[in-house]
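The values are calculated or read from the model by the stated rules, or taken from the named source; none is laboratory data. What you are looking at is a predicted structure, and each value in this text was computed from that prediction instead of being measured. Cβ placement follows ideal geometry from the backbone for every residue including glycine, while neighbour counts extend to all protein chains displayed.
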Amino acid sequence: MSNKSLISNKKEVVHFDWVSFPFVDRPQTSTLLVVFLVFLSILLRWFIQNSFLLPIGWFWISMVLILLSISSYFIPSHYKFMNDRVVAKYVVMKVERKYKDFGCFYSDKHGVMLSTFKTPRRLDPFRGMSIRFSKTQAEKDELIIFLEKKIGKRY
């Protein structure tokens, strides 16, 4: 859901504002992911106990690490595009970056990657900012045009 030109408390114009929650937005993919995680946990527990002969604590540590690595899929993300910056709010943190920090951007079917480099690089997931579209992707076309004005280079 895209809300155009909302006014926030700080008298700043919010051009785009939406929430992305992939776990709820894509139920078929989420079901497959949960089935895979259950299968993986059963397999991992069997390997740790029978093949490696390690204590069960290693199973829980490995499952926590696996779930942390894909946690962004399970939590909602709130995105706001203002005049001079983009703000992404997650459950436990808030990321705020100015458009001048980015050198280019590129999109795929689920979102946009804002890159700190002038051309797409492999370091983008670590240095850049990944923005997921909402379920309806109503903001997609207008957001691309907006980013072309603010950042410039699109790949």
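Can you tell me which residue in the stretch 12-36 is modelled with the highest pLDDT, limited to those that are part of a strand (DSSP E or B) and surrounded by fewer than 16 Cβ atoms within 10 Å (Cβ to Cβ)? Before the answer, list the steps.
Applying the first criterion (part of a strand (DSSP E or B)) to the stretch 12-36 yields 13-20.
Next, from what is left, pick out any that are surrounded by fewer than 16 Cβ atoms within 10 Å (Cβ to Cβ): 13, 19.
Details: VAL13: 89, VAL19: 96.
Only one residue tops the list, namely VAL19.
Looking at the stretch 58-69, can you tell me whether even one residue there is over 19 Å from the mean Cα position of the chain (by Cα) and either touching a residue at least 60 places away in the same chain (Cβ under 8 Å) or closer than 29 Å to ALA138 by Cβ (or both)? So far as the stretch 58-69 goes, no, none of its residues is over 19 Å from the mean Cα position of the chain (by Cα) and either touching a residue at least 60 places away in the same chain (Cβ under 8 Å) or closer than 29 Å to ALA138 by Cβ (or both).
Scan the stretch 132-155 for residues that are touching a helix residue (DSSP H, G or I) at 6+ places or on another chain (Cβ under 8 Å) and closer than 20 Å to SER72 by Cα and jot them down. ARG132, PHE133, SER134, LYS135 - these are the residues of the stretch 132-155 that are touching a helix residue (DSSP H, G or I) at 6+ places or on another chain (Cβ under 8 Å) and closer than 20 Å to SER72 by Cα. Counting only residues that are surrounded by fewer than 10 Cβ atoms within 10 Å (Cβ to Cβ) and among the hydroxyl-bearing types (Ser, Thr, Tyr), the stretch 46-76 holds 2 of them. Of all positions in the stretch 2-11, none carries a residue that is over 25 Å from THR136 (Cα atoms), assigned to a helix (DSSP H, G or I), without any contact (Cβ under 8 Å) to a residue 12 or more places away in the chain and over 13 Å from the mean Cα position of the chain (by Cα).
Out of the strands (runs of 3 or more DSSP E) lying entirely within the stretch 67-155, which hold 2 or more residues that are hydrophobic (A, V, I, L, M, F, W, C)? Show your work before the answer.
Details: elements: 77-82, 85-89, 94-98, 104-107, 111-115, 129-132.
Answer list for the stretch 67-155: 77-82, 85-89, 104-107, 111-115, 129-132.
Taking (1) outside any helix (DSSP H, G or I); (2) closer than 25 Å to HIS110 by Cα in turn, LEU54 satisfies each apart from (2). Checking each residue of the stretch 77-87 against the condition of being more than 18 Å from PHE16 (Cα to Cα), touching a strand residue (DSSP E or B) at 6+ places or on another chain (Cβ under 7 Å), surrounded by 13 or more Cβ atoms within 10 Å (Cβ to Cβ) and small (Gly, Ala, Ser) gives no match.
Residue pairs whose Cβ atoms lie under 8 Å apart, separated by 6 or more positions or on different chains, with the first residue in the stretch 144-155 and free of Cβ contacts under 8 Å to residues at least 60 places away in the same chain and the second assigned to a loop (DSSP other than H, G, I, E, B) and exposed (fewer than 15 other Cβ atoms within 10 Å of the Cβ), are LYS153/LYS118; LYS153/THR119; TYR155/THR119.
Would you mind stating whether PHE39 is at pLDDT 95 or above and loosely packed, with under 15 Cβ neighbours inside 10 Å? Taking the combined requirement at face value, the residue satisfies it.
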